[in-house]
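Structure record follows, encoded as structure tokens.
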Amino acid sequence: MNIKHHALMGFALLPMFAHAGLAEHGGISGEISLIGGVVSTDSNLSTGGEATKNSPLNRSGNRETDSIFGPLGSVAFTWGAGLNHQVFAGTTREDIAVGTIALEIGYKYEFASGTQVTAAYLPTVVSEEVWANPYLTDTARSETDKSGNAYRLQVSRIGGSPLSLDFAYAQTEIDNEQSGTSSFSPTEQNQLAREGDSFYTKASYRQFLGRGLGVAPAVVYINHDADGDAMSYQSIGGELSYFSFAGRNKIVLTGKYHVRDYDAIHPVFEATREDKEYGAFLAYEYGEIFGLDSLSFISLAGYSNIDSNIDFYNASQYLFSLGVSYKF
């Protein structure tokens, strides 16, 4: 489980209401959030867990609980007669609310029809520490860097409708790939190579059920083409966000369910991996604290779980956080 993408999720809420232009005013705008909380993770792949795995390997990991603290934020510059041009950098509200934390740098344009097109570069979305050889037993595993680049194209509010499309492409590199080097043949090691390309597609539709109340269902498809066939997979899933905005209180509840099917038999466990991933995240924002329109209290509680036919890949994570957010 990717702590980078899940441990700091949800510290802002989806901007469910549209307004004319891409910002409330021209020039510089943005948001800074300061959050703190706890995250508890049970995953054999997390470098925050135990470095030494004892035989037998095919069993779930041990739970580790850590505190989290830090800032999040974004800044944008908006211009044009209809405030229809914008450049931005930071972590967007839309992504944070559904569990993705990544630096994004891009450009957004709004057509007269209401359609918004965004092109962005995400230099950190796949970056994290991983085990060089996750399958090493009875000896301490060493860490290495996972890095890469991602590029994104979003088409939102198509023709002024509630329909949006999100496309992304990412390249993944492992600095010191050693998967299977301890006791497997070169051919089997090649099957475990994790570097590769990922293609992401998401279609979502926002439906209002009343004033300040609605749902946003989505369908997500991912194709990960890794160098090793046992690491390549296709994933399809659904997500559903329920939102309620009443006065100073804003609540977004998001649930997801994804299934992943891998392409080849895993040489370590002699089975083709199949995963089911599900989770729920509750985000809450209370605005105008201390009488200031720009200052909000924010909180999130979440749970995410991976249930695999290979016990080694079972994982779960709990999260609770509190913080404040300042908009300018």
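The values are calculated or read from the model by the stated rules, or taken from the named source; none is laboratory data. No experiment lies behind these values; they were computed from the predicted model shown. Neighbour counts run over all protein chains shown; Cβ positions are idealised from the backbone, glycine included.
A few remarks follow.
- Filtered residue count, the range 24-62, keeping only those that are under 30 Å from THR78 (Cβ atoms) and outside any strand (DSSP E or B): 3
- Pick from the range 114-129, criterion among the β-branched types (Val, Ile, Thr) and closer than 15 Å to GLY90 by Cα, ranking: modelled with the highest pLDDT: THR118
- Some residue of the range 93-114 being part of a loop (DSSP other than H, G, I, E, B), in contact (Cβ under 8 Å) with a residue 24 or more places away in the chain, hydroxyl-bearing (Ser, Thr, Tyr) and closer than 30 Å to PHE184 by Cα: no
- Filtered residue count, the range 283-328, keeping only those that are more than 30 Å from ASN58 (Cβ to Cβ) and among the acidic types (Asp, Glu): 3
- Count of residues meeting criterion [assigned to a loop (DSSP other than H, G, I, E, B) and among the charged types (D, E, K, R)] in the range 134-166: 3
- As a summary of the residue check, ASN223 satisfies the conditions (1) part of a loop (DSSP other than H, G, I, E, B); (2) more than 27 Å from PRO71 (Cβ to Cβ); (3) not β-branched (Val, Ile, Thr) except for the one numbered (1).
- Considering PHE243, PHE281, PHE269, PHE320, the condition of being assigned to a strand (DSSP E or B) and surrounded by fewer than 20 Cβ atoms within 10 Å (Cβ to Cβ) is satisfied by PHE320 alone.
- Residue within the range 231-248 that is touching an Asp or Glu at 6+ places or on another chain (Cβ under 7 Å), over 26 Å from GLU31 (Cα atoms), modelled with pLDDT of 95 or more and not small (Gly, Ala, Ser) present: yes
- Conditions (1) farther than 29 Å from GLN171 by Cα; (2) within 19 Å of the chain's Cα centre (by Cα): number failed by GLY114: (2)
- Just one of the listed residues (THR144, THR201) is loosely packed, with under 15 Cβ neighbours inside 10 Å and hydroxyl-bearing (Ser, Thr, Tyr), namely THR201.
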